[in-house]
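For reference, the structure discussed in these notes is given below.
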Amino acid sequence: MSGSKHKSNNQQNRREFLRLLGASAATAALTRSIERAHAIPAFNRHGTIEDVKHIVVLMQENRAFDHYFGSMRGVRGFNDPRAVKLPNGNPVWQQPNGAGSVMPFRVDNAGGVYVEDVAHNWNDGQKAFNKGNYDKWIPNKGTTTMTHMNRQDLPWHYALADAFTICDAYFCSVMGPTDPNRYYMWTGWDGNDGKGGGPVITNAEAGYDWSTFPELLEKAGISWKVYQDIGLGLTAAGFWGWTENPWIGNYGDNSLLYFHQYQNAQPGSPLYEKARRGTNIANGGNFENLFDILRNDVRNGTLPQVSWIAAPEAFSEHPNWLPGPGAWYVSKVLDILTSNPELWSKTVLLINYDEGGGFFDHVVGPYPAMSSAYGQSTVDVTSDLFAGDNSNVAGPYGLGVRVPMMVVSPWSRGGFVCSEVFDHTSVIRFIEQRFHRTARGLFETNIPAWRRAVCGDLTSAFNFRSPNEGLAPLPPTVAPPASDIKTGVRYDNYHPVPPTRPVMPQQEPGVRPARPLPYNLRVDGSADAAKKFTIRFSNPGQAGVCFHVRSGNTTTGPWSYTVEQGKSLQGVWDLAASAGQYDLSVYGPNGFFRGYNGGGISASVALVDIDSIDICNGDDGDDLRGLMIALTNKGAGCVVTVVDNYTGRSERHRLQRGQRIETMVRLQQTHGWYDLTATVDTDAGFKWRLAGHVESGRPSISDPAMGRPVASG
């Protein structure tokens, strides 16, 4: 974030702070309001998004999904059975570090030590990404990038996610620092067209002129406000709320203030009154006074329809700060919102993180191809490609790494996971979806076409039809010592050291309920005698999707294929250089995977194609989900064996040249999940794998393969 990071040797204050963080009994009363969040029924007049009256967005700082939640039960974390492989053939977890590698590792007492900041700028982000190869994290970020936490370190965060809904495919918008990511949340992009001072891929904060989403809300008559502390002032002289004292101000995180229209706004104008007002605890008060304006608006029934909250640095969770003060801050916001039960019954609280802070996450996010040599797209990608300049390398703007997103509301209770692809523009689109009927023309034109195709609008994270279900209480949080307001104390950086014998972290066993998703993906491969391999990407679903393709036996690629709803593409790979051998892997959302391996193409080898179609007749009755696969042999006669990796069942099919067989794999037992491996007896290198989830339009469960305990090592 903006500004430098300073240290203090005030060990007495540090010990006192840690003591208070452990004194849970002292603040047990805080849980009562959180319990009310579970108990208060949702306003359910329409059974649609129209029941939402207030949307509150609280964006925290610099944590990646695996770093916080990779060990949580039922999310795509450390037990991901279909994680990508690096160009050296190792799993993505084994990030190269010279002659060896570094794997994710937990620091003892990770929630109580002030772990150092990690590089998280545009150039080091692009270099770690390495054109999709994803194998340069350690040289560009250092070993601290691989640290992670677990439930012991983040008890309140985990409990909050267990009670409401966590999104495990929510990505930050840019492979870069705070400001560019926050511009996507507040404006839809970074001025990607080169106008208005853009494009912006750094924390330059030079002053910009493109339009912002709050201005669109103002024109549409939708009420809005930014809640913040002013620190030393919300002007350039006050550095727009950033201050050397980390316990006051907004940490410069109200990024609207870097736009000239807000800087030039006068008192009394909407932009000034709604974006440049705030509390002022430096002139008297305590940490509770950070919430005075929000508390009064909730009490008086004047909470705007749309709100954003920017916390002081010490509460933002930005390293080297602890997660604990952030949990306390968020819990206080929830405390205030639930103090008015009628208001909370109509409110959505979105808790997300602006960027990954340089911390590693194992999922290679969707990204547009930089040229036709590296993929295709049915939608224009121009606005999502950065051409580079004198200081910054070329590359796709994003998506960046996965970051945490918790959807906290009466319509998102139950401990669900939602695995639709989202990014920060999804927040804008959720607001669009809620208010577009009453505010005609509420459409943020800044959001690039590729983003709208690939990223959802967050509505799949909610149950608006029948939301009223009870939940268990959450654990308490603890307030920081009031003395730190005056001292401005900071804490020494902690540099974690990776273990000498790295092992994979353990993910909690078990599954969690999963929200229905709009995906229906079809990817079919085909080898031919001319030593060509063709992959057809079809999208009969209700949402666009970006497929990521990697080669395991060549130095070419990776490739990216974006397919809009109802459209299709195909890619062709020439196998002449590899004597007909192929090793291609296709990755899509929610664990979708196709793996194509073949030992060579010749007259004596079977050329078996395997096509698949999702089958679902369970919308209104019994769950009859299944996968119809068609086996077609264009080569020598062979026996095809298909193994279900979830159940262990297998089928054998004898195919003559030119023969086609269709077979149905029923998926009731696995709640729509499938993972099939096919081999043939005439080609020892032939191994095709089909994995994913067949949607029924109803809630399901998370991937059972992630819920299995794994042996360490």
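Please treat every number below as a calculation from the coordinates, not as lab data. Everything numeric here is computed off the predicted structure, so don't read it as measured data. For neighbour counting, all protein chains shown are included, and Cβ atoms are generated from backbone atoms with ideal geometry for every residue, glycine included.
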> Once amide H atoms are placed 1.01 Å from N in the peptide plane, what residues at a sequence separation of 5 or more from Leu399, or on another chain, have their amide H within under 5 Å of its amide H?
Replying inline: Tyr367
>> Quick check on the chain: what are the equivalent-ellipsoid semi-axes from the Cα gyration tensor, as sqrt(5λ), descending, whole Å?
In response: 44, 26, 25
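Report the FRET efficiency, 1/(1 + (r/R0)^6), for Lys85 and Ala449, where r is their Cβ-Cβ distance and R0 is 35 Å, rounded to 0.05. Kindly include the intermediate steps, with their values, before the conclusion.
Numbers: r = 31 Å, r/R0 = 0.89.
According to the calculation, E is roughly 0.65.
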> Can you run phi through the Karplus equation (6.51, -1.76, 1.60; θ = phi - 60°) for the stretch 237-247 and list ³J(HN,Hα) in whole Hz, with x for Gly and Pro?
Replying inline: 5, x, 6, 6, x, 7, 8, 5, 7, x, 9
>> For the stretch 394-436, take the convex hull of the Cα atoms, compute a quarter of its surface area, and give me that in nm², please.
In response: 4.3
> Per residue Cα convex hull volume for the stretch 54-158, in cubic angstrom?
Replying inline: 148
>> Report, to one decimal in Å, the Kirkwood hydrodynamic radius for the stretch 131-193 based on all distinct Cα pairs.
In response: 15.0
>> On the principal axes of its Cα set, how long, how wide and how thick is the stretch 150-247? Give whole Å, largest value first.
In response: 45, 33, 33
>> Please compute the contact order of the chain in relative form: average sequence separation of alpha-carbon pairs under 8 Å and at least six residues apart, divided by the residue count, as a percent.
In response: 19
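Quick one: of the DSSP bridges fully inside the chain, what percent are antiparallel, nearest 5?
75
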> From the Cα gyration tensor of the stretch 301-348, with a ≥ b ≥ c the square roots of its eigenvalues, which class applies: rounded if a/c is under 1.5, or else prolate if a/b is larger than b/c, or else oblate?
Replying inline: prolate
> From the phi of every residue in the stretch 145-161, what ³J(HN,Hα) in whole Hz does the Karplus formula 6.51 cos²θ - 1.76 cosθ + 1.60 yield, where θ is phi - 60° and glycine or proline is x?
Replying inline: 4, 8, 6, 8, 10, 9, 4, 4, 7, 10, x, 6, 4, 5, 5, 4, 5
> In angstroms, what radius of gyration and Dmax does the stretch 30-110 have, counting Cα atoms only?
Replying inline: 20.4, 62
> Say the dipole of the chain comes from +1 at the beta carbon of Lys and Arg and -1 at that of Asp and Glu; which of Pro368, Tyr596, His495 then lies farthest toward its positive end?
Replying inline: Tyr596
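Computed FRET efficiency, Cβ-Cβ of Asn390 and Arg299, R0 51 Å: what is it to the nearest 0.05?
Efficiency, from the Cβ-Cβ distance: 0.45.
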> If the cut-off is a Cα-Cα distance under 30 Å, which lysines reach Lys195, setting aside same-chain residues fewer than 8 apart in sequence?
Replying inline: Lys127, Lys131, Lys219, Lys225, Lys274
>> If you scale each eigenvalue of the Cα gyration tensor by 5 and take the root, what three semi-axes come out for the stretch 218-287, rounded to whole angstrom and sorted largest first?
In response: 22, 13, 10
> Under a Cβ-Cβ cut-off of 15 Å, what is the net charge of the residues other than Trp122 that fall near it, where Lys and Arg count +1 and Asp and Glu count -1?
Replying inline: -3
> In deg cm²/dmol and to the nearest 500, what is the mean residue ellipticity at 222 nm of the chain if only DSSP H runs of at least 4 residues count, each as -39500 (n - 2.57), divided by the residue total?
Replying inline: -5000 deg cm²/dmol
>> How big is the dipole moment of the chain about its Cα centre under a simple scheme where the beta carbon of each Lys and Arg is +1, that of each Asp and Glu is -1, and everything else is neutral? Debye, nearest 20, please.
In response: 780
> In terms of modelled amide H atoms, which long-range or inter-chain residues lie less than 5 Å from the amide H of Leu624?
Replying inline: Asn617, Gly618
>> Against the empirical 2.2 N^0.38 Å scaling, what ratio does the C-alpha Rg of the stretch 487-637 come to?
In response: 1.45
>> Which one, Val118, Asn446, Phe129, is farthest towards the positive end of the dipole of the chain when Lys and Arg carry +1 and Asp and Glu -1 on their Cβ?
In response: Phe129
> Taking the Cα centre of each part, how many Å lie between the stretch 222-296 and the stretch 533-551?
Replying inline: 45
> So what are the ³J(HN,Hα) numbers for the stretch 500-512, from phi and the Karplus equation (6.51, -1.76, 1.60; θ = phi - 60°), rounded to whole Hz, Gly and Pro as x?
Replying inline: 5, 10, x, 9, 6, x, 8, 9, 4, x, x, 10, 9
> So what is the orientation-averaged projected area of the stretch 564-684, using the convex hull of its C-alpha atoms, in nm²?
Replying inline: 9.0
>> Check which residues have an amide H placed less than 5 Å from Tyr208's amide H, if you skip close sequence neighbours.
In response: Phe259, His260
> Length gain on complete extension for the stretch Thr48 to His495, per 0.36 nm per residue less the alpha carbon to alpha carbon distance?
Replying inline: 156.1 nm
>> Run the simple label-point estimate for Thr555 and Ala39 please: 7 Å along Cα→C-beta, distance reported in nm.
In response: 6.6
